[in-house]
Amino acid sequence: MWSTGKAMPTIRTELAVAQVSGKFYVAGGFGSGFSGSNAFEAYDPETDSWSARAPLPRGAEHPSLAEPGGKIYFTGGRGVATYEYDVEADSWTQRADMIYDRYASSAVSLDGLVYVIGGQGASDTIAQRYDPAKDEWSELPPLSTKRDHTVAVALNGKIWALGGRLGAGSAFDSVEIYDPAANSWSPGPKMNDMRSGFGAAVVDGRIYAVGGEILIQPYSVRKTAEVYDPATNMWSYKAELPMPLHGTGAAGWNGKLYLFGGASNPAAADPKTGVVHIFTP
């Protein structure tokens, strides 16, 4: 079942989301026209309210966020700069640069480390891992294929790279799984639908994938939703979004999936929405 929360103060698409201690932090995206926004806002689902936080150090669209150890790391959206956000101090600090620049990549945290997966940029199949304690980036084995507008999630001690595309004219339903212990990628169970620029997150040990853009003629935007259950090793459809969306950000908390912003037309940043969609399984 889908419901909605209080609308976002800054309407945007191609943004990033992180969840820390039950609050969601929404970063960047397309602001006015095609400019990268530096807006950084927090949503509290308990009070259904928003608050402005310290702006991003720079405007960025298609950025990535990850939240190991209670702090948030902002990367990508073009360039190699990495910034750390202290939730308590409401402040940003620049950290070590990524090895390779990234745009439309996805970041995820696992065991206190940040993984940046896919996207466009130099050596764009190479995955990168950041150790906050050492303030150091390292290279990981490459994906089997280039995936921009992919979404990475962590499930059962592994990193899942879902869908994505290789520019216009392509869209993937395929999945790759990185095992840190083996330091290698392997194929995962395909999604039911091809998706790029979509929202995905883990809720109660299951992966939810929602919406997405298909840049194969005729271009379209999805409103389908599906869930992967490790117990059956299968994807199954769930209730559709109330509207087609791409360029969203998603995160899970307290048994629910939260989906922020996005746009409804393919290959376009408009019309944008500030809707917070909430899925209760």
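Structure above, values below:
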quantity	calculated
Within the range 1-108, GluC sites (Glu not before Pro) in DSSP loop having at most 15 other beta-carbon neighbours inside 10 Å	GLU46, GLU88
Charge context of TYR25, other residues only, Cβ under 9 angstrom, K/R +1, D/E -1	0
Residues of type aspartates and glutamates that LYS238 reaches as a straight line, Cα spacing below 16 Å, ignoring anything fewer than 8 places off in the same chain	ASP193, ASP204, GLU226, ASP229
Using θ = phi - 60° and Karplus 6.51 cos²θ - 1.76 cosθ + 1.60, couplings along the range 261-278 (whole Hz; Gly, Pro as x)	x, x, 9, 10, 9, x, 6, 8, 8, 10, x, 7, 10, x, 6, 9, 8, 10
Cross-link pairs beyond the 28 Å C-alpha cut-off, checked among LYS158/LYS256; LYS6/LYS158; LYS223/LYS256	LYS6/LYS158
Zone of ASP135's modelled label, taken as backbone nitrogen in the range 71-103 under 13 Å from a point 7 Å along Cα→Cβ	82-84, 93-97
Highest average packing first - 23-30, 166-173, Cβ atoms within 10 Å	23-30, 166-173
Pairwise FRET efficiency - THR93 versus ASP44, Cβ, R0 = 22 Å, nearest 0.05	0.35
Student exercise, the chain dipole from Lys, Arg, Asp, Glu Cβ charges, in Debye to nearest 20	520
Normalised contact order of the range 2-279, rounded percent, pairs of Cα under 8 Å and 6 or more residues apart	16
Backbone HN-Hα couplings from phi across the range 160-169 [Karplus 6.51/-1.76/1.60, Hz, Gly and Pro as x]	10, 9, 10, x, x, 7, 10, x, 5, x
Size descriptor, Kirkwood hydrodynamic radius, that averages inverse alpha-carbon separations across the range 186-279, Å	13.4
Debye-sum result for the chain in log10 I(q)/I(0), which assumes one identical scatterer on each alpha carbon, at q = 0.07, 0.11, 0.13 Å⁻¹	-0.21, -0.53, -0.77
Karplus (6.51, -1.76, 1.60) ³J(HN,Hα), θ = phi - 60°, over the range 91-98, in Hz, Gly and Pro reported as x	8, 10, 10, 6, 10, 4, 5, 4
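Throughout, read-outs are computed from the coordinates displayed, never taken from laboratory work. Worth saying up front: this structure is predicted, and the values here are computed from it rather than measured. In this analysis, Cβ positions are derived from the backbone assuming ideal geometry, glycine residues included, and neighbour counts consider all displayed protein chains.
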